[in-house]
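Comments concern the structure below.
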Amino acid sequence: MSENQTVAAGHLRSFIERIERLEIEKKTIADDIKEVFAEAKGTGFDTKAMRTLIRLRKKDRAEREEEEAILDMYLNALGMA
């Protein structure tokens, strides 16, 4: 194996190992989030509504209003409003 291949292999191994560590951290965080939702559910909160709130809080006001307007239009079109 040439020196360039050895360097590239080392660099590749470094990336793979970093990604593997991050995947472990991601799973740990996902498990922590599940625990928080379970705790909230245990105290009587609706976790589906909480997930919706979290999703909506990630959007700015204009984006939320546009989404709500489209949803209202679709609900009206289907006679569900």
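The values are calculated or read from the model by the stated rules, or taken from the named source; none is laboratory data. Note that the coordinates shown come from a computational prediction; the quantities given were computed from them, not determined experimentally. When we count neighbours, we look across all protein chains shown, and the Cβ atoms used for this are built from the backbone with ideal geometry, even at glycine.
At-a-glance table
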{"quantity": "Only listed residue being surrounded by 10 or more Cβ atoms within 10 Å (Cβ to Cβ) and hydrophobic (A, V, I, L, M, F, W, C), chosen from 38, 62", "calculated": "38"}
{"quantity": "Odd one out for residue 45 among (1) part of a helix (DSSP H, G or I); (2) modelled with pLDDT of 95 or more", "calculated": "(1)"}
{"quantity": "Any chance residue 59 is modelled with pLDDT of 95 or more and not in a helix (DSSP H, G or I)", "calculated": "yes"}
{"quantity": "Boolean, residue 4 is assigned to a helix (DSSP H, G or I), loosely packed, with under 10 Cβ neighbours inside 10 Å, polar (S, T, N, Q) and without any contact (Cβ under 8 Å) to a residue 12 or more places away in the chain", "calculated": "yes"}
